[in-house]
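Student: First the structure, then my questions, so here it is.
What follows is calculated from the coordinates using simple rules that are stated; it is not laboratory data. As the structure is a computational prediction, the values presented were derived from the model and not from experiment. Backbone-built Cβ (ideal geometry, glycine too); neighbour counts: all protein chains shown.
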Amino acid sequence: MVERRDTAEPDLESQFAAGDDGALEAAYAAHGALVYSYCRRMLETERAGDATQRVFVGAWRSRGRYRPDAGTIAGWLIGMARFTVIDILRADELQPPPDRPQPRDSRPPAGDATHIAKRMLVGEAIAALPERERKIVQLAIFEDLTAAQIAARYDLPLDTVKADIQRALERMRRHLEGFDHAA
Amino acid sequence: MPPEADDFDIDPAFRDRLARIISQLDATDFERVDPPDALWGRIAAAVTAESARAQTQSGTVVLYSINADDVVIAVDEGWTAFARDNDAPELVELDPARTLWSYFDNDETRDLWRVLIQQVRAKQAQAHVPLRCDAPHMRRWFEMTITSAPNGAVHFRSLLVFEQPRPSVSLLGRRTERNNETPAIPVCSWCGKAFDGFRWDEIEELARDLRLLEDLVPSITYGICPTCRDLMSADLLVSEETRSSPRSATPHR
């Protein structure tokens, strides 16, 4: 198994775009779980692996089209995963496989593929934050606290709280831009 | 969320978009499942196969030459791609002081190649050598054509004739952490089999057995198995005695 590891994203993104040795493996190590989790959510287990493989092989084949300045590689990969999943689900609708009689009704409908992809991407951006920033952003997002309220609650300088939230917003923005870039 | 707009430098359209996404977030959006262990191997094999197919379609996979002093003097893009694909970046930039023989780590194999190239030079002829040159995720069979050229130069042209994906064999990985306290495993450059101290067997079989016993895999050294050596030697002798041009042995597969 590829070892999961923290990766300096800007380096990884430029290396991936340049087709450098090891960049695909590093991208898989950094984002394989995200892509696979998304595919698992939308597809049966066996097909989730196949879909994940298609995403990474297709991403590597298309690496010349990836532009790091246009968004994160995580967003780009999930953008590609979204199309892969939609293709598979559409093919099912056109030709239901005879050896898979059970309905897919425990899975989200194909129409949710894009919404779920974007939500998981935003979730990824939040989960990847350092602990303090994550806590601050969660308070802002899920408890609707203002920056001033968070600063008061944790006795932090207001500018620090604002900077943390700004960084998180920036990360989410770049994730979603990468997602759009995969179109 | 997001917090008051005037707190942050944020595009209003993005703010609205993000707000819509965030309003629908639930716990499952944060759940992650690790991919199966074998998945990366499948991806790497598929990418390698694509790369090799693209190279095969263009004809030559690897092309290089040596001069009269046996120094590697020219390589094509196939060499570079192949070196990278096999995780051997040190081969991308060739050292002009290194002879072909310095790339061999096995005396017997080196000697066989010396004889073969001597014959090619002496007879101004061509030889064809089948080779195995596997990547961790891929079995690969090559056909090498060795051709003499003016001024003592020799050209080597290797064509990928067949490849077959397989689960990754860490024993062949150049970045694999090695246990250098155990003897190196010999691997035959002709048939790809490996020697476990008792018998020559497919490297996957040997790797599977080793994995049960070792945390770290041993080093490997490329050589020639007795069967391939006998075939190669016999063919070289026949070539020397009866043929006008050498054609190296066709080792067993």
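Student: What full-extension length gain, to one decimal in nm, is calculated for B:Asp196 and B:Ser233 as 0.36 nm per residue of separation minus the Cα-Cα distance?
Tutor: Details: separation 37, 0.36 × 37 = 13.32 nm, distance 2.34 nm.
Between B:Asp196 and B:Ser233, full extension yields an extra 11.0 nm.
Student: Take the alpha carbon atoms of the range A:135-168, find their center, do the same for the range B:118-153, and report the distance between the two centers in whole angstrom.
Tutor: Using only Cα atoms to place each centre, the spacing works out to 67 Å.
Student: Please label the shape of the range B:106-191 as rounded, prolate or oblate, based on the square roots a ≥ b ≥ c of the eigenvalues of the alpha-carbon gyration tensor (a/c under 1.5 means rounded; beyond that, a/b larger than b/c means prolate, else oblate). Don't jump to the answer; show the numbers that get you there.
Tutor: Details: a/c = 3.19, a/b = 1.72, b/c = 1.85.
Verdict is oblate for the range B:106-191.
Student: Can you find, among A:Pro108, A:Ala81, A:Ser37, the residue farthest towards the positive end of the dipole of chain A? Put +1 on the C-beta of Lys and Arg, -1 on that of Asp and Glu.
Tutor: A:Pro108
Student: Averaged across the residues of B:18-30, what count of C-beta atoms belonging to other chains lies within 10 Å of each residue's C-beta?
Tutor: Details: counts 8, 1, 2, 8, 8, 2, 5, 8, 2, 1, 7, 14, 8.
Averaged over the peptide's residues, the number is 6.
Student: What does the charge count near A:Phe56 come to, summing +1 for each Lys or Arg and -1 for each Asp or Glu among other residues with Cβ under 10 Å from its Cβ? Before the final figure, lay out the partial values.
Tutor: Numbers: positive: A:Arg54, A:Arg61, B:Arg42; negative: A:Glu25.
Counting the neighbours of A:Phe56, the net charge comes to +2.
Student: How crowded by other chains is A:130-142, given as the mean number of beta carbons from other chains within 10 Å of each beta carbon?
Tutor: Working: counts 0, 0, 0, 0, 0, 0, 0, 3, 1, 2, 6, 8, 3.
Taking the mean over all residues of the peptide, I get 2.
Student: Work out the length of the dipole vector of chain A about its Cα centre, built from +1 on the beta-carbon of each Lys and Arg and -1 on the beta-carbon of each Asp and Glu, and round it to the nearest 20 debye. The partial results should precede the final answer.
Tutor: Details: 26 positive and 29 negative charges, 61 e Å.
The calculated dipole for chain A is roughly 300 debye.
Student: Along Cα→Cβ, 7 Å out, is where each label goes; now give me the distance between the ones at A:Asp50 and B:His155 in nm to one decimal.
Tutor: Spacing of the two 7 Å Cα→Cβ label points: 4.5 nm.
Student: Now a separate question. Using a 10 Å cut-off around each Cβ of peptide A:163-174, what is the average number of partner chain Cβ atoms that fall inside?
Tutor: Numbers: counts 1, 0, 6, 5, 0, 1, 10, 3, 0, 6, 6, 0.
If you average over the peptide's residues, the count of other-chain Cβ atoms is 3.
Student: Shifting gears a bit: Where a Cα-Cα gap under 26 Å defines reach, which lysines qualify for A:Lys135, not counting those fewer than 8 residues away within the same chain?
Tutor: Of all the lysines, those that pass the test against A:Lys135 - Cα under 26 Å, at least 8 places apart if same chain - are A:Lys118, A:Lys162.
Student: Can you give the convex hull volume of the alpha carbon atoms of chain A per residue, in Å³?
Tutor: On the way: hull volume 24.1 nm³, N = 183.
Per-residue hull volume (Cα only) is 132 Å³.
Student: Okay, next question. Quick one: helix A:9-18 against the long Cα principal axis of chain A, what's the angle to the nearest 10°, folded into 0 to 90?
Tutor: Tilt relative to chain A: about 40 degrees.
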